[in-house]
Amino acid sequence: MAHNDPREVNEPDESEIEVGKPKSWAAGVPGVMHAMVPALTDMGVNRTRKTMLKLNHKDGFDCMSCAWPDPDHRKVFEFCENGAKAVTWEATPITVESDFWAEHSVSELRQRSEYWLGQQGRLTEPVYKPAGEDHYRPVSWDEAFSVLAKKLNGLESPDEAAFYTSGRTSNEAAFAYQLFVRAFGTNNLPDCSNMCHESTGWAMGQTVGIGKSTIAYDDFGKSDLIIIMGQNPGTNHPRMLTALEEAKDNGGSIVAVNPLPEAGLLRYKDPQKVKGVIGRGTDIADQFIQIRLGGDMALLQAVIKRVLDAEEANPGTVLDQQFIDQYCEGLDELKAHLDRIDEDAVLESTGLRVEEIDELADRYMKAESVIITWAMGLTQQKKGVAAIKEIINLLLLRGNIGKPGAGASPIRGHSNVQGDRTMGIWEQMPPAFLDAIEKEFSFSPPREHGTDSVQTIQKMRDGQMKVFVAMGGNLVAAISDTHAAEAAMENLEMSVQISTKLNRSHTVVGDEALILPTMGRTEIDRQASGIQFVSVEDTVCAVHPSWGQVEPVAPNLLSEVAIVSRLAAATLGEKVDVDWVGFEANYDLVREHISHVVEGCEDYNQRIRQEGGFVLANGPRDSRTFPTATGKAMFTVNDLEHVECPPGRLILQTLRSHDQFNTTIYGHDDRYRGIKKGREVIFVNPEDLTEMGLADGQYVDIHGEYTDDTERILHNFRVVAYPSPRGCAAAYYPEANVLVPLGAVADGSNTPVSKHVVIRLEPARVSQDAGTSATV
Ligand code: SF4
């Protein structure tokens, strides 16, 4: 089915935006309707049945949306509203046909919204935009690989190219990709993790020796207390609500620490249970702590101080001294540091009352097993690394790592973002991994660190990066400082996107540009040796196979593994001794090499074929082994830094709506927050509005207030009075990325600080009818 007529896509008119009351519960029957109606409409009954009944099943395919894990005992429907939207978005039979490229110039496509671009359907053939031209044109795969290989081989240095990866990429494709990139001669492997959980990786790596969750899926159901910080499960990983409900059913309690009272943190109505359909559902948070943006570290320090004080008052009754003595280091330094904690500064930073902090500390000390989970609300703060180190401090005090129902659990955003790191997608892979590559493939991979996402954009801007290849994703939309990122991308000699559908990154391009269309997870992957499966790793380190279920949407599509293999062969020739043809023909060969190179993946081919796959070894979780520099889990000392909000200003966070996944916009409603038919809104506390002389429903310009010379303004956003903490506002990502300077990054991780944007609001200078735009 071709879909070339843009008139069939309804671009929403922001002036028709409707604002209602936020919801106080998530999912339920409306969630099912929002999932299934678009699926049936877009894909029809047969394709819907073939995909949805195999989504997240052991013999099916892994959801390409978030990285939430699967339970061992699965139901018929093992997906959520957002998983169904992601499948519908990918498995749509609508395609971009050859004549589309002559009809639409790149300049014209650039004027289109992310939503419109996505609605054009699946990409089906490679297209190339020569230098100086404004149109892509279809080319053969051979021509596409030849153009790209020639460009790469003509660079003065391999470091003039960067190779980005999104969390869509399978383990097999990721391993082959990083192998090609390192054989080509660079470690420039930026990825989406640089923008999300990089702070987690650094904090946990330095304290417990592994930058991953220390729990298994079943631990949720065994936990006495789950503390959820900086995270909105109802929208970003909805099936987590099922795990939380199970924890409550088993007697556990839940504390939610978040600036906004998100529906999914309050109450959940499971549409697969009677109490979720006709009953009230389950109240999720026993305590909701509405914290100011950036206040988490202060809260954690205050709770730790209370735990230490309680131990001092009643020695031997609060801390797990045996665990600390046997496995940890640094407690004395932590105690000395927190002796000087300033309670007034804590209250100022958090915006909380003393009793709220006391209650949390009390809950923590009464619980025998505690899990703390977190997401971007922490990682994208300026002190995100330090805040996560305080989570580890708190857990270590009572031995809450390496026992049932306890641990640290970062929740990853994109399906295989964690697996891609395991497979070597990182600009700073440790020497042991590079040694293993050298031994397995008999070439010397480069040892100097490559560039992360922010550094890659900076090098593009400065003319030091000439070629950019993206294995999925939409970097110009995902990263901060949109205009700087777009200007940098246009500074390239060549940009290349390996994609399933169109997005903004196909319209903001280098002199030359290529789009290489790839198969999706839903599709049957036939190669010379037969039908292939790929594998992925979820947020709790479980690795499992993913089998496509429907015929590819076009016969000319290549899998990601095939694209990497052919590109490598075209670029490297005989330079390295790797059987790229064999990689494409049979993914077992890729997995055989993974077995030899990637720690913990021994016998990969055999273990991935066990029912449900296998769980990667994890020292802290399995045996309280901490592979840090000292072999001990480290208590750390972190200096508190108050998030300053100058008078008359607000701290803004960017966030997702319920109708989007990362930069993919499925629709223009955010029903849990009461928003319909639009995205250009800013959520502000009503008392702040009064103080600023503004009103709900008014249109404002949002001025970014960083101290560089650039004035960043988002025009014409509708104010929505919302129950956010005083001084804290929120607006949707990626629209608000324009307000975050490229150099505004978290200490220690270089992650853009999208949860710490100082802004001021002014009445809109142009009329609402003039539309919204950003000025830099
Ligand atoms: S929770 Fe995440 S992985 Fe599971 S179905 Fe929903 S979007 Fe997909």
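Coordinate-derived values only; no laboratory data. Small disclaimer: the values here were computed from a predicted structure and weren't measured. Don't worry about glycine lacking a Cβ; one is built from the backbone with ideal geometry, like all the others, and counts go over all protein chains shown.
Treating cross-link reach as a plain straight distance, find the aspartates and glutamates whose alpha-carbon is under 13 Å from the alpha-carbon of K501, omitting any fewer than eight places away in the same chain.
Straight-line reach from K501, under 13 Å: E90, E97, E114, E125.
Just need the relative contact order of the stretch 72-164 here, percent rounded to a whole number, with Cα pairs under 8 Å and 6+ apart.
For the stretch 72-164, the relative contact order is 24 percent.
Can you list, bin by bin at 10 Å, the percent of alpha carbon pairs in the stretch 1-140, starting at 0?
Taking all Cα pairs of the stretch 1-140, the binned fractions are 10, 31, 30, 22, 8, 1 percent.
I need H544, H414, H642 ordered by Cβ neighbour count within 10 Å, fewest first.
H642, H544, H414
So how far apart, in nm, are the two label points at I341 and N250 if each is 7 Å from Cα heading toward Cβ?
2.9 nm
For the stretch 407-462, run through the GluC sites (Glu not before Pro) and keep only the ones in DSSP coil with at most 11 other Cβ atoms within 10 Å of their Cβ.
For GluC sites (Glu not before Pro) across the stretch 407-462 that sit outside H, G, I, E and B with at most 11 neighbouring Cβ atoms in 10 Å, the list reads E448.
With 10 angstrom as the radius, rank H668, H483 by how many other C-beta atoms surround their C-beta, starting from the fewest.
Final ranking by Cβ density, sparse to dense: H483, H668.
Just need the relative contact order of the stretch 494-582 here, percent rounded to a whole number, with Cα pairs under 8 Å and 6+ apart.
Reported relative contact order: 23 percent.
How would you rank V45, V255, going from fewest to most other Cβ atoms within 10 Å of each one's own Cβ?
V45, V255
Given H placed on each backbone N at 1.01 Å, which residues far from A729 in sequence or on other chains put an amide H within less than 5 Å of it?
Under 5 Å from the amide H of A729: I651, L652, Q653.
Once phi is turned into ³J(HN,Hα) by the Karplus curve 6.51 cos²θ - 1.76 cosθ + 1.60 with θ = phi - 60°, what whole-Hz value does each residue of the stretch 69-82 show in order, with x for glycine and proline?
Going residue by residue, I get x, 9, x, 5, 9, 9, 8, 4, 9, 10, 8, 10, 3, 6 Hz, with x marking Gly and Pro.
With a 10 Å radius around each residue's Cβ, average the other Cβ atoms per peptide and rank 166-175, 140-149, 590-599, highest first.
Packing order, densest peptide first, comes out as 166-175, 590-599, 140-149.
If you take the Cα atoms of the stretch 451-583, find Rg, then find the Kirkwood Rh from the mean of 1/r over all pairs, what is Rg/Rh?
Reported Rg/Rh (Cα atoms, Kirkwood Rh): 1.01.
Take a quick pass over the stretch 246-356 and tell me how many lysine pairs come in under 26 angstrom between Cα atoms, counting only ones 8 or more apart or on separate chains.
Summing the qualifying lysine pairs gives 4.
I'd like to know how the stretch 659-729 sits against the 2.2 N^0.38 Å rule of thumb: what's its Cα Rg over that expected value?
It is 1.22.
For the chain, compute Rg over Rh where Rg is the Cα radius of gyration and Rh is the Kirkwood radius from the inverse mean 1/r over Cα pairs.
Looking at the chain, the ratio lands at 0.94.
Tabulate in residue order the Karplus-calculated ³J(HN,Hα) for the stretch 106-115, using 6.51 cos²θ - 1.76 cosθ + 1.60 with θ = phi - 60°, rounded to whole Hz; enter x for Gly and Pro.
Coupling constants for the stretch 106-115: 5, 4, 6, 4, 5, 7, 7, 7, 4, 4 Hz.
Name the aspartates and glutamates eligible as straight-distance cross-link partners of K150: C-alpha to C-alpha under 16 Å, and not fewer than 8 places from it in the same chain.
The qualifying aspartates and glutamates are D142, D159, E160, E493, D511, E512, E574.
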